[in-house]
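Input: a single structure, listed below in structure tokens.
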Amino acid sequence: MELKKQPVVQKDKPLGLYLHIPFCRSKCSYCDFYSLPNAEARMDRYVSVLSRHLEETAKYTTAHRVDTVYIGGGTPSYLGVKRIKALLKTVYKNYRVAPDAEVTMEANPDSLGDWRAVRALRRAGVNRISLGVQSADDGELRAVGRPHTFAQAEAAAAAVRKGKIGNLSLDLIYGLPGQTMESWQQTVERAAALEPEHLSCYGLKIEEGTPLWARRDDPDLPDDDLQADMYLWCVERLAALGYRQYEISNFAKPGYESRHNMKYWTLGEYAGFGPGAHSDLGDVRYAYVRDLDAYLQGVEQGGDILSENERIPPRDRDLEYLMLGLRTADGIEKRTFEYRFRLPFAPIQAVLEKFRDTGHAVETEPGRWRLTPTGFLVSNQIIVQVLDALAQEKIRREQAAADRDYRIDREYPAKM
């Protein structure tokens, strides 16, 4: 008797969990994330509903092992230690969490000043803190509605260390209203003096619908040229301080790259929970409604809480591979691309060779391409040209296939 070959089921596939905490003390003028000030009365209900959602979803992840957990927001530290502990208890009870999992919690300096709270978070599983510092200049912080001072940021960093969490990341923003090159340099230097393992340095984006949008033509805002100078100086200075740039906006000491964020950039699997959270799990990309009340009611009553839901087979992720890979320092690789997507790399390489000649791209080893720091500055334009080259190649191949089928039909007409 011939036995049928059984499909191989991969066990322990790595999975990241993202828990969105949509509460904050106040809304910053540039913030486009889904977050709500003055909603403290719904915190307990939200923790209960989020825990229920985590429990209900766990049965779909039995082939996975969770190797990263990211608690983002909003301001997760504003939720309070007791509620964060309850959420992590739910995660550890319902999911197979790797012993060395990276567990990150975002925090604002004004709500993370007590080292005892940090110690309690560490004991609950948190081993990485991402602190929203943004600037070392209190005037710049006030200009965008940040609810803290830099002195509070220093105190929070000290609390993280005293609480014995050994992986600290600081978020900084360049291009803030009134910011100068000198003040940006002071921000970077003072942040680096806190000796974080990781730094994220973002250019200010003025999103439509935010309070800052009305000030988008304000002469107080650094222009594109100044922002570019700020970015390039930052890249060079952080490299001198021992931080490796591994993505457009992210820098880390060796071994401290954000494992969770790398999932987004390398097409890894992750499951998000909470209003506005996105997921990419089992070849399906989906997102939940950006509405706290709709999310609460939907989970409680078993209603539909999806705002997006799209199946994307692995072979159809060629655009994502290129677009996300070119954001990273590792870049994209010819052999990997051609093997995964069964498409030629030559049209893409032709574009990258053109940008190599202008100093915007580099071939770090045969077949592997990445953007340079100046290339990162104009990455959107480069990526558009790369994707356009791929689209033209697909059109050419489709037309060639259609012509071939037409010739076959002419030469071997079907019998009536």
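The values are calculated or read from the model by the stated rules, or taken from the named source; none is laboratory data. Source: prediction; values computed, not measured. Cβ placement follows ideal geometry from the backbone for every residue including glycine, while neighbour counts extend to all protein chains displayed.
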| task | Hey, could you check the range 200-215 for residues that are within 17 Å of LEU141 (Cα to Cα) and among the charged types (D, E, K, R) and say which is farthest from the chain's Cα centre (by Cα)? | result | ARG215
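Just checking, does the range 298-309 include any residue being touching a helix residue (DSSP H, G or I) at 6+ places or on another chain (Cβ under 8 Å) and part of a helix (DSSP H, G or I)? Break it down into steps so the answer makes sense when it comes.
In the first step, residues of the range 298-309 are kept if they are touching a helix residue (DSSP H, G or I) at 6+ places or on another chain (Cβ under 8 Å); the result is 299-300, 303-305.
Add one more test, that the residue is part of a helix (DSSP H, G or I), and what stays is 299-300.
There is at least one residue in the range 298-309 that is touching a helix residue (DSSP H, G or I) at 6+ places or on another chain (Cβ under 8 Å) and part of a helix (DSSP H, G or I).
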| query | Tell me, which residue of the range 178-202 that is without any contact (Cβ under 8 Å) to a residue 60 or more places away in the chain and in contact with a Phe, Trp or Tyr (Cβ under 6 Å, 6 or more places away or on another chain) is nearest to ALA159 (Cα to Cα)? | reply | GLU197
| query | Can you name the residue in the range 50-97 that is small (Gly, Ala, Ser) and within 21 Å of the chain's Cα centre (by Cα) and, of all such residues, is surrounded by the most Cβ atoms within 10 Å (Cβ to Cβ)? | reply | SER77
| query | How about the range 278-290: which of its residues are of a type in the set (D, E, K, R) and either on the phi < 0 side of the Ramachandran plot or part of a helix (DSSP H, G or I) (or both)? | reply | ASP280, ARG285, ARG290
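Yes/no matrix, rows are residues, columns are (1) surrounded by 15 or more Cβ atoms within 10 Å (Cβ to Cβ); (2) more than 19 Å from GLY375 (Cβ to Cβ); (3) of a type in the set (Val, Ile, Thr); (4) more than 15 Å from the chain's Cα centre (by Cα):
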position: LEU232; (1), (2), (3), (4): no, no, no, yes
position: VAL235; (1), (2), (3), (4): yes, no, yes, yes
position: SER249; (1), (2), (3), (4): yes, no, no, no
position: LYS253; (1), (2), (3), (4): yes, yes, no, yes
position: ARG259; (1), (2), (3), (4): yes, yes, no, no
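Within the range 138-145, identify whether any single residue is without any contact (Cβ under 8 Å) to a residue 12 or more places away in the chain and in contact with a helix residue (DSSP H, G or I) (Cβ under 8 Å, 6 or more places away or on another chain), and answer yes or no.
We begin by selecting, within the range 138-145, every residue without any contact (Cβ under 8 Å) to a residue 12 or more places away in the chain; these are 141-142.
In the following step, the residues that additionally are in contact with a helix residue (DSSP H, G or I) (Cβ under 8 Å, 6 or more places away or on another chain) were identified as 141.
Yes: the range 138-145 contains one or more residues that are without any contact (Cβ under 8 Å) to a residue 12 or more places away in the chain and in contact with a helix residue (DSSP H, G or I) (Cβ under 8 Å, 6 or more places away or on another chain).
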| message | Here is a check on your reading of the model: is ASP224 farther than 29 Å from LEU168 by Cα and modelled with pLDDT of 90 or more? | response | yes
| request: Mind listing just one residue for me: the one in the range 177-220 that is surrounded by fewer than 12 Cβ atoms within 10 Å (Cβ to Cβ) and part of a helix (DSSP H, G or I) and, of those, modelled with the lowest pLDDT? | output: ALA214
| Unmet requirement for GLN227, which otherwise passes all of (1) within 30 Å of ILE165 (Cα to Cα); (2) outside any strand (DSSP E or B); (3) polar (S, T, N, Q) | (1)
| request: Scan the range 142-176 for residues that are in a helix (DSSP H, G or I) and among the aliphatic types (A, V, I, L, M) and jot them down. | output: ALA143, ALA151, ALA153, ALA155, ALA156, ALA157, ALA158, ALA159, VAL160
| request: Please tell me if THR364 is loosely packed, with under 14 Cβ neighbours inside 10 Å, over 20 Å from the mean Cα position of the chain (by Cα) and β-branched (Val, Ile, Thr). | output: yes
| said: Pairs needed: first member in the range 339-357, surrounded by 15 or more Cβ atoms within 10 Å (Cβ to Cβ); second member anywhere, not in a helix (DSSP H, G or I); C-beta distance under 7 Å; at least 6 residues apart or different chains. | reply: LEU352/ALA361; LEU352/TRP369; PHE355/ALA361; ARG356/VAL362; ARG356/GLU363
| query | Would it be correct to say that ASP293 is in a loop (DSSP other than H, G, I, E, B) and surrounded by fewer than 18 Cβ atoms within 10 Å (Cβ to Cβ)? | reply | no
